[in-house]
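All of the numbers you see were taken from the coordinates with simple rules; none came from a lab. Keep in mind that what you see is a predicted model, and the values were worked out from it rather than measured. With ideal geometry, Cβ positions are generated from the backbone for all residues, glycine too; neighbour counts draw on all protein chains shown.
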Amino acid sequence: MHVGLVVYGDLEETSGGFRYDRQLVDSLRDHGDTVDVVSLPWRSLGRGLLDGCSRAIRSRLDRSVDVLLQDELCHPSLWYHNRRLTRPGAVVALIHHLSSDDPTKRVNRLHRPVERRYLESVDAAISTSAFTQRRAGRIAPSPAGRPRLVAPPGGRRAAGSTREAGVVDRASTGPLRVTFVGNVVPRKDPLTLVSAFASGRVADGDWQLTIVGSLENDRQYARTLRTHVETLGVTDEVTLTGEVSTRRLESILECSHCLCVPSRYEAFGMVYLEAMEHGVVPIATTEGGPREFVDHGVSGFLVDPGDARTITRVLEELDTDRERLARMGVNALEGARAHPTWAESMDAVRAFLERVARSP
């Protein structure tokens with residue numbers, strides 16, 4: 001099978017969506033398929049719409065491949081071209097995150113008609129969560145019979161690399177250690193987490209918070225976060241690491257009790273799954289895909305965006321009931337093991353692409 005993969009920028013970007021794309025490219029090539037990566041320049045919505053009319057862009061897209069697989073993030077540059085392509089056997093959208101669903105983007109409403117036009121232009125769609133598939137269907141209802149697939153991401157670790165006994169031992173030791181992992185941007189909402197953390201038992205080092213993630217994506221917001229930490233008087237208990245290596249991230253998670261990323265929206269929420277692989281209890285958002293693998297009150301918690309009071313209450317309950325913390329950590333570990341692996345999801349995607357390519 002010959003596949004073209006259309007992405008914005010460099011495939012080596014660090015976000016979860018790009019990691020998914022890399023996993024897929026590697027899997028297809030391991031099966032003997034040919035994959036051409038078509039990298040388009042990052043654009044604002046306005047510039048992307050201009051690329052959507054560019055003959056140079058269209059010539060790069062109109063290639064003889066069995067399937068032209070497009071990261072839906074690129075929709076501003078693709079919305080007009082797809083119906084005019086003649087050489088690809090099929091055009092398939094790979095939907096990680098719908099821009100018009102992001103409540104923190106001021107131009108999200110402007111994305112809606114463009115995303116609708118784009119989603120109407122493809123022959124099939126792959127979504128990384130059932131939530132995202134449903135949301136895409138509301139934006140652009142699919143004609144009966146249009147192929148669709150949900151293929152979730154896997155995690156980072158091999159099953160069995162964390163043991164239940166270690167999770168139980170960790171739960172009983174030391175101050176409550178809370179971790180945030182994600183770019184420091186409004187959608188991930190670390191400000192709410194810091195407010196919740198400061199309202200809890202931080203005196204005398206009872207709690208510790210580590211915020212892991214790039215401080216460069218929105219420097220003004222990162223400065224606001226630092227000021228918030230200082231204003232609330234928790235500078236000794238809160239550490240901002242910036243971006244770290246995979247090995248360093250894993251070492252932080254191995255020592256953590258809870259992962260809390262109170263996002264205002266998560267299409268899937270890969271970081272919660274990665275924490276669960278370490279037996280770390282996730283406190284996840286109700287908005288999006290996390291409820292598909294976080295069992296509220298059993299393997300983790302689902303909290304409404306902006307609800308600092310509930311986050312504080314959850315942290316206090318876990319801190320005072322370490323047996324429950326241990327039990328939920330083990331449940332999180334088991335939930336991660338039951339989740340589809342990368343190999344299983346990527347094999348499902350490949351089989352789906354082959355079916356679409358063979359369709360008349």
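A compact globular protein would have a Cα radius of gyration near 2.2 N^0.38 Å; the ratio found for region 164-338 is 0.93. With each label modelled as a point 7 angstrom along the Cα→C-beta vector, the Leu110-Glu254 pair spans 4.7 nm.
Rounded to the nearest 10 degrees, the inclination of helix 16-30 to the longest alpha-carbon principal axis of the chain is 60 degrees. Footprinting exposure proxy ranking of Tyr272, Tyr118, Tyr80, fewest other C-beta atoms within 10 angstrom first, gives Tyr80, Tyr118, Tyr272. Ranking of Arg170, Arg322, Arg247, Arg350 by neighbouring Cβ atoms within 10 Å, starting from the fewest: Arg247, Arg322, Arg350, Arg170. Taking the helices alone, the chain has a mean residue ellipticity at 222 nm of -12500 deg cm²/dmol, built from -39,500 (n - 2.57) per DSSP H run of at least 4 residues and averaged over all its residues. For the chain, the longest principal axis of the C-alpha atoms and the axis of helix 322-338 are separated by about 20°. Could you tell me the center-to-center distance, by alpha carbons, between region 209-232 and region 69-141 in angstrom? Cα centroid to Cα centroid, the span is 32 Å.
Considering only Leu225, Ile283, Ser245, and ranking their Cα positions along the charge dipole of region 222-286 that arises from unit charges at the beta-carbon of Lys, Arg, Asp and Glu, the one farthest toward the positive end is Leu225.
Size of the dipole of region 164-338 about the Cα centre, Lys and Arg at +1 and Asp and Glu at -1 on the beta carbon, nothing else charged, in debye to 20?
Its charge dipole is roughly 280 debye.
Starting from the coordinates of the alpha-carbon atoms of the chain, obtain the Kirkwood hydrodynamic radius over all distinct pairs and give the value in Å to one decimal. Intermediate values should be presented prior to the final figure.
On the way: mean 1/r = 0.0468 Å⁻¹.
It works out to 21.4 Å.
Local charge sum around Glu292 (other residues, Cβ-Cβ under 12 Å, Lys/Arg +1, Asp/Glu -1)?
0
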